[in-house]
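The values are calculated or read from the model by the stated rules, or taken from the named source; none is laboratory data. All figures in this text were calculated on a predicted structure; none of them were measured in a lab. With ideal geometry, Cβ positions are generated from the backbone for all residues, glycine too; neighbour counts draw on all protein chains shown. What goes into the accessible areas is simple: the full protein's heavy atoms, side chains included, and nothing from ligands, DNA or RNA. Shrake-Rupley method; radii C 1.70, N 1.55, O 1.52, S 1.80 Å.
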Amino acid sequence: MTISAGRLSHPAVRALVTALNSNDEQAFFDALTTGATMSDDGLDRDLREWCDREIFATRGHLDVQSESDHGLSLVANYRNDTWGEMRTRWRFTVEDGKVSRFETGQA
């Protein structure tokens, strides 16, 4: 059973996942702080380049399976047109109501 993006408990994470699943690039980047950072499988990546390649150009989508740490940690099935579907983990850092960092990788 999945948790819909609209039911995620942390508002900043909810906004980011909703934008990701809607393929709404503007809303996605609006949900991030200026200078936000990210890592994929433990390696820091260029956030905009990674998001363009892994989310927006390939129709990325998160099906959240569980959340913990007050909604700042997710386990989700992530899929896109390049890699298909895989079980992933996501960890978010929030500052001033926006995501300042996210870390993702295979779960």
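Listed by first and then second residue, the pairs linking a residue in region 25-37 that is on the phi > 0 side of the Ramachandran plot and of a type outside the set (D, E, K, R) to a residue that is surrounded by 14 or more Cβ atoms within 10 Å (Cβ to Cβ) and not in a strand (DSSP E or B), with Cβ atoms under 6 Å apart and 6 or more places separating them unless they lie on different chains, form an empty list.
Which of the residues belonging to region 70-89 are in a strand (DSSP E or B) and closer than 18 Å to ASN23 by Cα?
Matches in region 70-89: ALA76, ASN77, TYR78, ARG79, ASN80, GLY84, GLU85.
Of the residues making up region 2-22, one or more are more than 23 Å from ASP96 (Cβ to Cβ), touching a residue at least 40 places away in the same chain (Cβ under 8 Å), loosely packed, with under 15 Cβ neighbours inside 10 Å and among the β-branched types (Val, Ile, Thr).
Would you mind finding the one in VAL75, VAL99, VAL94 that is modelled with pLDDT of 95 or more and in contact with an Asp or Glu (Cβ under 9 Å, 6 or more places away or on another chain)? The unique qualifying residue is VAL75.
Reported count of residues in region 43-66, each being within 18 Å of THR88 (Cα to Cα) and open to solvent by less than 60 Å² (accessible area, probe 1.4 Å), is 14. Filtered by the rule that a residue be closer than 19 Å to GLY60 by Cα and either surrounded by fewer than 20 Cβ atoms within 10 Å (Cβ to Cβ) or in contact with a Cys (Cβ under 6 Å, 6 or more places away or on another chain) (or both), region 23-37 gives ASN23, ASP24, GLU25, GLN26, ALA27, PHE29, ASP30, THR37.
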